[in-house]
Amino acid sequence: MQRQFVLAIWGRETAFGSHKSNYYVVKALATQAYLGRRKDLFRTELLYALKMLQDGVRTRETMTGSWAGAMGLTQFMPSEYYTVAYDLDGDGRKDIWGSVADALGSAANQLRAKGWVPNQSWGYEVRLPKDVSCLLEGPDNGRPLREWVKLGVVRASGDFPHLALDQQAFVLTPAGAYGPAFLALENFLVIKRYNMSDLYALFVGSLGDRMAGGTAFVTPWADVQQLSAKGIEGIQEGLKGLGYKVSIIDGKAGMNTRSLIGAYQKANSLKVDCWPTEALLTHVRAKAPAKAPPVKGADAGRDGAAPTPSPPATRDVR
Ligand SMILES: [Ca+2]
């Protein structure tokens with residue numbers, strides 16, 4: 001795979017090794033396996049972490065990592081150490097903590113295992129024509145890049161590489177109508193499998209491009225207000241109640257949620273910007289079928305509860 005993207009992952013995960021997280025990984029994973037939202041996943045990782053101690057890969061003192069148990073220069077979970085860590089410097093040890101070659105080789109091996117398409121980019125910044133709006137966002141509306149070109153999509157700077165025209169691409173508008181738009185390719189989804197976040201994949205893809213001599217995004221990000229996770233959950237619940245295909249109610253305005261917001265706005269003759277706002281929440285709530293009144297004592301306070309603070313941005317979910 002192209003070297004600039006693993007370099008970008010190293011930069012994003014640990015600022016090229018300068019950021020050290022010092023949670024004891026066994027304790028961090030045990031906590032997540034007991035209290036976290038994805039207990040099964042973390043229980044498996046806990047067992048792999050214990051195996052690492054048993055196998056002498058790390059000691060009790062050096063078994064440190066993020067709050068979610070990710071370790072080393074490119075932040076690997078314990079199971080990934082056993083499946084995709086790679087001894088690139090050839091000294092007989094897979095040292096993702098102290099060897100830059102091993103850490104970058106391991107990240108490349110991991111991306112390859114997740115389906116990296118050789119010699120393909122992650123995507124391109126584009127300008128969308130009027131009738132290709134944000135509600136066409138996401139892989140479900142994907143089609144070959146040359147068909148997007150026929151619909152009037154142009155690259156923000158320069159032309160698309162000729163070889164890319166046959167590749168499957170989909171629209172990505174991370175800030176709805178209020179920021180740059182992209183045509184994303186399969187490798188965007190591969191980076192997302194490394195860390196399940198659109199903005200993570202965009203960060204890594206764009207940083208890799210810049211390292212390889214590319215330029216900054218042409219379209220600026222507008223200073224848009226972020227609706228709270230609770231508010232986004234309210235919109236997701238409302239849309240689901242109205243029959244929209246909401247894939248998961250998680251309080252995050254991802255591709256699925258943004259495009260459904262666009263569909264809802266279009267159906268209700270609102271301005272189509274695919275962006276969750278307080279006004280939209282009110283609009284959806286007024287339309288959505290009323291919930292049954294709460295039963296006293298049952299699940300008390302769920303709706304009034306303070307939003308759970310987000311954990312620090314680090315790699316745990318894929
Ligand atoms: Ca090595």
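What follows is calculated from the coordinates using simple rules that are stated; it is not laboratory data. The model shown is predicted, which means the values in this text are computed figures rather than measured ones. Reconstructed Cβ throughout: ideal geometry from the backbone, glycine too, with neighbour counts over all protein chains shown.
If you keep only loop residues by DSSP, which GluC sites (Glu not before Pro) in the range 1-106 have at most 13 other Cβ atoms within 10 Å of their Cβ?
Glu61
For the chain, a crude dipole built from +1 on the beta carbon of Lys and Arg and -1 on the beta carbon of Asp and Glu, taken about the Cα centre, is about 740 debye to the nearest 20. With R₀ fixed at 25 Å, the C-beta to C-beta distance from Lys114 to Asp87 puts the FRET efficiency at about 0.80. Sorted from longest to shortest, the spans of the Cα atoms of the range 14-121 along the three principal axes equal 42, 28, 26 Å.
Projecting the Cα atoms of Asn22, Leu163, Gly179 onto the charge dipole of the chain, computed from C-beta unit charges around the Cα centre, puts Gly179 farthest toward the positive end.
Placing +1 on the Cβ of every Lys and Arg and -1 on the Cβ of every Asp and Glu, with no other charges, gives the range 229-287 a dipole of roughly 140 debye about its Cα centre. Between Arg146 and Thr215, the FRET efficiency from the beta-carbon distance, with R0 = 30 Å, is close to 0.80. Packing order of peptides 101-109, 221-229, 71-79, highest average first: 71-79, 101-109, 221-229 (average count of other Cβ atoms within 10 Å over each peptide's residues).
In percent, rounded to a whole number, the relative contact order of the range 123-211 is 33, using alpha-carbon pairs under 8 Å and six or more apart.
Qualifying trypsin sites (Lys or Arg not before Pro) in the range 1-90, where qualification requires a DSSP coil assignment and no more than 14 other C-beta atoms within 10 Å, comprise Lys20, Arg37, Arg38, Arg60. Taking the DSSP bridge list for the chain and keeping only pairs wholly inside it, about 95 percent are antiparallel. Note on Lys20: aspartates and glutamates with a C-alpha under 18 Å away, same-chain residues under 8 apart excluded, are Glu61, Asp95, Asp102, Asp316.
Between Gln168 and Asn22, the modelled label-to-label distance comes to 4.6 nm, taking each label 7 Å out from Cα in the direction of the beta carbon.
State the Cα centre-to-centre distance between the range 115-165 and the range 98-113 in whole Å. Going from one Cα centre to the other spans 29 Å.
Rg(Cα) of the chain divided by 2.2 N^0.38 Å? Present the calculation step by step, with values, prior to reporting the outcome.
Details: Rg = 21.7 Å, N = 318, 2.2 N^0.38 = 19.6 Å.
This ratio for the chain stands at 1.10.
Taken along its three principal axes, the alpha carbon spread of the range 229-287 comes to 26, 20, 19 Å, from the longest extent down to the shortest.
Label separation (Lys245 vs Lys39): 3.2 nm, computed from points 7 Å beyond Cα along the C-beta direction.
Partner lysines whose Cα lies under 18 Å from the Cα of Lys94, excluding those fewer than 8 positions away in the same chain, are identified as Lys51.
Is the range 195-235 rounded, prolate or oblate when judged by the Cα gyration tensor, a ≥ b ≥ c being the square roots of its eigenvalues, rounded requiring a/c under 1.5 and prolate requiring a/b larger than b/c? The shape class here is oblate.
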